[in-house]
Amino acid sequence: MRFSEKRNDSLLRSLYNPQKMIRKTLLLFLLLSVTLTGCRTYYQRQQQFNDYFRGGQLEQAADVLAGDRKGAKRRTRLLHLMNMGTVHHMMGNYAKSNAFFEDAYLLGEDYLRNPADQALALITNPKMTEYRGEDFELLMIHYYKAMNFIQMRNYDAALVECRRLNIRLNALADKYPSDNRYKRDAFIQNLMGIIYEASGDYNNAFIAYRNAYNIYQEDYTKLFGLGAPQQLKTDLLRTAHRMGFRDQVEHFEKEFNITYQPNRSSSNGDLVFFLNNGLGPVKHEWSINFTVVRGSGGRVDFVNEEMGLAFPFYMGDSGSSTGQLGDLRIVRVAFPKYLERVPFYTGGRLRAGNNTVTLEKAQDVNAIAFQSLQDRMMREMGTALLRLAIKQASEQLVRRENENIGAILGILNTVTEQADTRNWQTLPHSIHYTRMSLPQGSHNLTLELVLPNNHTGKSVNIAADIRSGQTTFINFFATESRRPGQR
């Protein structure tokens, strides 16, 4: 792996002037006091909130967020808004939840790179920049907003979120032309179909279901080992039949190896039940040690032979006229990584009288998070190595003026070398769902949360009010999960 020497040297010269480095070092000393307090990961800094949230103590979790008066002003304000939106959604404060998510949506749309932040990140660490969100995190904002509107029975507003989803999905497809990347979301398309169908728009529901099925088959199976749920296949056939698309019914009957038989009572209503299972992963840090190898003409290589990495950098006079750089045998560069939080339950079963249906996994947020980070790891690697080279070059430029201050700057560079461990940590590990056709009226259902051995770990009573010809939605959260990295 090799990077452009000209680009590195040009950027170095634009950021660092040997005559100004002494004064800039004083600024870095001030930054040290900031970065030392930020050595913990984002998860660790949010430990109290995370403990309350993981334990289902939502009011206490909300109080912790509300008490963080600087939360909406820090570089993590997007995460603060998304956490507030999630907690209030789970508490049933749907309008308040949507207010937070709308602010998060607008922040994600209006985000502009701050050149000062970017420069500061190159001489300290990427946590100094505004957090802008992962692609899948920004999509999930619309998931929660749509579910909030559904609970308020405002299907028109939920469909607005569907349109916003489409815009984001199209932008993802344009952003990542490669076929081996996460750029299309099957679950979001499936959700769009469910909302369209609930609003009576069966044509758009069919299109969304068909898109979802294709993405499961073409992307999700390959990237995440997750095929199309059986419920999606049934919904796809039902909407095709309802629209009179006989050729599509025949095509998908052959595709699914099933025969569609309409057997729904016109007096029944539908229950669409979502289980948000466990908690998504958290970002942590890992690092690579590089050996500094001096070459001729001011060239320096940062090498890791075990991983086959070599990063050439032209240091100019700073690398050739002093012997100090050659004494720097090992340097460290930090990268983000995800740690899984394994959920206690593998899924669930929903029972209504003598009828029991198994909830099917429709979205693997955990797998998407890992894949998304892997997709951009080469870019992360390039940025981190550039940061490393700039830090090493700045140290040598300062050493030429003052050896003692240069040595202190070397310590400072080591201390400030940290990965960005911020992410939306209140997302579920995975989302499971099912659809049940039930007679009109009030129903007492039982949700059985299933352990890895397929035994029932916990049973929860669920009340559902079903209306004839309408769809009722329930969004249930089982946040029980192990701590990061525990199996």
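Side notes on the structure shown:
- Residues within the range 329-341 that are part of a loop (DSSP other than H, G, I, E, B) and surrounded by fewer than 18 Cβ atoms within 10 Å (Cβ to Cβ), tallied: 1
- The range 427-454, residues that are farther than 16 Å from residue 467 by Cα and either surrounded by fewer than 19 Cβ atoms within 10 Å (Cβ to Cβ) or among the acidic types (Asp, Glu) (or both): 446, 448, 451, 452, 453, 454
- Helices (runs of 4 or more DSSP H) wholly inside the range 364-445 that include at least 3 residues being under 16 Å from residue 282 (Cβ atoms): 365-375
- Residues (modelled with pLDDT of 95 or more, of a type outside the set (A, V, I, L, M, F, W, C) and farther than 30 Å from residue 376 by Cβ) located in the range 314-346: 345
- With respect to the conditions (1) under 30 Å from residue 201 (Cβ atoms); (2) at pLDDT below 85; (3) not basic (Lys, Arg), residue 140 falls short on a single one, namely (2).
- Verdict on residue 234 being of a type in the set (S, T, N, Q) and more than 27 Å from the chain's Cα centre (by Cα): yes
- Considering only residues in the range 204-249 that are in a helix (DSSP H, G or I) and of a type in the set (Phe, Trp, Tyr), the one that is farthest from residue 156 (Cα to Cα) turns out to be 224.
- Given (1) in a loop (DSSP other than H, G, I, E, B); (2) in contact with an Asp or Glu (Cβ under 8 Å, 6 or more places away or on another chain), index of the condition residue 200 fails: (2)
- Just one of the listed residues (197, 161, 137) is surrounded by 22 or more Cβ atoms within 10 Å (Cβ to Cβ), over 25 Å from residue 83 (Cβ atoms) and touching a helix residue (DSSP H, G or I) at 6+ places or on another chain (Cβ under 9 Å), namely 197.
- Qualifying residue in the range 256-272 (condition: closer than 23 Å to residue 197 by Cβ, touching a His at 6+ places or on another chain (Cβ under 6 Å) and among the hydrophobic types (A, V, I, L, M, F, W, C)): no
- Count - residues of the range 277-307 that are closer than 30 Å to residue 443 by Cβ and touching a helix residue (DSSP H, G or I) at 6+ places or on another chain (Cβ under 9 Å): 2
- Within the range 345-377, the set of residues being under 24 Å from the mean Cα position of the chain (by Cα) and without any contact (Cβ under 8 Å) to a residue 12 or more places away in the chain comprises 374, 376.
The values are calculated or read from the model by the stated rules, or taken from the named source; none is laboratory data. Note that the structure is a prediction, hence the values are computed from the model and not measured. All Cβ positions, glycine included, derive from the backbone under ideal geometry; neighbour counts span all protein chains shown.
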